Amino acid sequence: MSVEREVIDGGTFGSYSVCHHSSGLDVLVWKMDGFTTTNAVFGTKYGSVNTRFRTVDTGEFIDVPDGIAHYLEHKLFENEDSDVFSLFAPTGASANAFTTFNVTAYTFGTSGDWEKPLEILLDFVRKPYFTDENVQKERGIIAQEIKMSQDSPDRACYFNLLRALYHYHPVRIDIAGTVESIQEITPELLYKCYNTFYNLRNMVLCIAGNVDEQKVIEICDKMLTPAPDIKLETAYPDEPADVAQKRITACYEVANPLFAIGIKFPPFKGMQLLRYEICAGILMRMIIGDMSPLFKELLEEGLINSSNFGLEIFNDDCGVFACICRGDSKDPDKVLEKYIARIDELKRTGLDEKLFERVRKLKYGLEVRSLSYVDYCVENMFYNHISGLTAFDTGRILSELTFKEVEDAFALLFDTSKAAISIIEKENAR
């Protein structure tokens with residue numbers, strides 16, 4: 001088959017090829033000299049939020065049950081003849097898969113021969129096998145998984161925050177769906193979603209490490225056939241700019257109350273989203289991260305525990321973008337109060353430019369170091385390509401980012417009227 005090829009040059013970071021295979025699949029290959037391991041990701045731009053879509057076949061938009069993307073991921077590991085893990089075992093490769101809000105991916109890593117594992121990967125993901133019997137069996141397994149996750153206070157705290165931040169967006173729903181929603185999943189619906197989102201034009205193969213590009217393309221030529229253009233469109237509910245609720249609580253058996261604080265940002269896409277994501281990450285470190293005066297204050301007052309405190313930028317180009325800090329505290333509401341007060345104070349007095357430079361250089365250094373790990377590189381290629389970006393964009397932006405850009409992002413993004421808090425209280429707190 002024919003292949004159009006372009007090279008993504010990262011300068012000192014290296015380079016990789018993007019091969020536009022005639023099957024419709026984009027194949028990204030990063031040969032990393034001096035490495036003995038190989039990692040691969042074969043994934044689709046299809047996650048838990050993609051429950052409303054249309055194609056040339058459906059005509060109008062159709063809706064499918066929550067949790068179906070995750071359900072489909074589970075079922076692809078069981079083919080008509082055997083369990084897929086048993087196929088990988090003799091090769092020495094370690095296989096896995098994951099479903100997020102916006103992607104589903106199938107992976108392997110190996111320090112030996114990568115050609116046979118790649119053939120297995122491309123083969124099993126392209127061979128769905130759904131029957132009434134095996135779908136019914138999986139329903140019980142996933143229902144149990146959902147119930148177990150509902151017992152996790154950390155997970156409850158996180159998803160309660162998403163429900164507080166978002167009125168209608170499907171990120172409010174757990175990736176696995178609900179016990180009720182998965183009862184509606186049938187073989188027919190699984191095939192419908194598979195044929196829609198596992199179309200090679202909606203997928204990408206990324207492989208990095210001790211790999212040969214020509215051999216990868218030869219394997220793709222052997223394993224893949226051209227995919228039709230089905231004109232896939234996805235849709236999401238209109239989401240208001242404000243938060244759904246300011247405060248949400250639940251009770252679990254915990255030693256100390258848990259909290260997750262989020263600030264809802266406007267949605268962006270592509271390169272604009274990445275630049276704001278990087279700015280927001282730097283700003284969080286400056287405001288409440290471990291290099292900030294507020295972090296020291298909260299620690300000294302016993303309001304946070306350094307070992308359990310974390311920061312996260314939650315974003316996707318499907319219309320969600322927020323910053324989240326989470327941990328445990330004897331007084332979560334006091335943490336929120338001080339966080340908001342610090343943001344308002346910085347808007348009056350201005351940001352610390354020296355602190356900005358320290359944080360920017362730290363994050364740039366971490367990015368450079370990460371690009372020496374094969375597993376990071378392959379997932380970085382995957383996630384960025386799905387969003388129309390390259391694996392080197394983060395490093396490039398961090399190297400050139402100015403204090404003025406971060407100041408502008410601070411004014412735009414950190415609106416404390418759009419803050420919400422989720423708290424997990426002790427069972428006997430009420």
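If R0 is taken as 51 Å, the Cβ-Cβ distance between residue 22 and residue 428 corresponds to a FRET efficiency of 0.20. Computed over segment 247-429, the Cα gyration tensor eigenvalues convert (square root of 5λ each) into semi-axes of 29, 19, 16 Å, ordered from largest to smallest. Bridging of residue 215 to lysines at a Cα separation below 17 Å is possible for 31, 116, once same-chain residues fewer than 8 apart are set aside.
For segment 3-234, the C-alpha radius of gyration sits at 1.07 times the compact-globule guess of 2.2 N^0.38 Å, with N the residue count.
Determine which residues of segment 252-272 fall in the zone a paramagnetic label at residue 241 would reach in this model, i.e. backbone nitrogen under 18 Å from the point 7 Å along Cα→Cβ. 263-269, by backbone N distance to the label point. Loop-located trypsin sites (Lys or Arg not before Pro) in segment 236-338 (DSSP state other than H, G, I, E, B) with a sparse environment of at most 14 neighbouring Cβ atoms within 10 Å: 246, 269, 330.
Result for the chain in a Gaussian network model with C-alpha springs under 10 Å: among 308, 39, 384, the largest mean-square fluctuation is at 308. Peptides 150-156, 185-191, ordered by how many other C-beta atoms sit within 10 Å of their residues on average, highest first, read 185-191, 150-156.
For the chain, a Gaussian network of Cα nodes joined below 10 Å ranks 327, 388, 47 by mean-square fluctuation, and the top entry is 388. Extension gain for residue 215 to residue 7 (0.36 nm times residue separation, less C-alpha to C-alpha distance): 73.2 nm.
Expressed in nm to one decimal, what extension gain is obtained for the pair residue 94 and residue 186 from 0.36 nm per residue of sequence separation less their Cα-Cα distance? List each step's numbers first, then the result.
Numbers: separation 92, 0.36 × 92 = 33.12 nm, distance 2.99 nm.
Full extension from residue 94 to residue 186 adds 30.1 nm.
Quick one: order 206, 377 by neighbouring beta-carbon count within 10 Å, fewest to most. Least crowded to most crowded, the residues run 377, 206. Rounded to the nearest 10 degrees, the angle from helix 353-370 to the longest Cα principal axis of the chain is 20 degrees.
Relative contact order for segment 3-234: what is it in percent, counting Cα pairs under 8 Å that are at least 6 residues apart?
Values: 406 pairs, mean separation 79.7, N = 232.
Averaging sequence separation for qualifying contacts and normalising by length gives 34 percent for segment 3-234.
Using only alpha-carbon positions in the chain, the gyration tensor eigenvalues give semi-axes of 37, 28, 20 Å once each is multiplied by 5 and square-rooted (largest first).
Give, in nm to one decimal, the length gained when the segment between residue 60 and residue 151 is fully stretched (0.36 nm per residue of separation minus the Cα-Cα distance). Intermediate results must be reported in sequence, preceding the final value.
Details: separation 91, 0.36 × 91 = 32.76 nm, distance 3.85 nm.
So the extension gain works out to 28.9 nm.
Quick note on segment 1-132: its Rg to Rh ratio, both from C-alpha atoms and Rh being the Kirkwood radius, is 1.01. Legend: calculated FRET efficiency, residue 353 to residue 168, from the Cβ-Cβ distance at R0 = 35 Å, rounded to 0.05, equals 0.35. Its relative contact order, with pairs defined as Cα atoms under 8 Å and 6+ residues apart, puts segment 232-346 at 33 percent.
For residue 28, the residues 5 or more places off, or on other chains, whose built amide H falls under 5 Å of its own are 19, 205, 206, 207. Backbone geometry of segment 34-41 corresponds, through the Karplus equation with coefficients 6.51, -1.76 and 1.60 at θ = phi - 60°, to 3J(HN,Hα) couplings of x, 9, 9, 9, 9, 10, 9, 10 Hz, x marking Gly and Pro.
Just list whichever of 296/334; 330/363; 246/426; 264/361; 147/192 have alpha carbons separated by over 23 Å in the model shown. Long pairs (Cα-Cα over 23 Å): 330/363; 264/361; 147/192.
Of 162, 122, 72, the residue with the greatest mean-square motion in the GNM of the chain, using alpha carbon springs below 10 Å, is 122.
Here, each number is a calculation from the coordinates, and none is a lab measurement. Remember, it's a predicted structure, so these values are computed and weren't measured experimentally. Here Cβ is always computed from backbone atoms with ideal geometry, including for glycine, and neighbour counts include all displayed protein chains.
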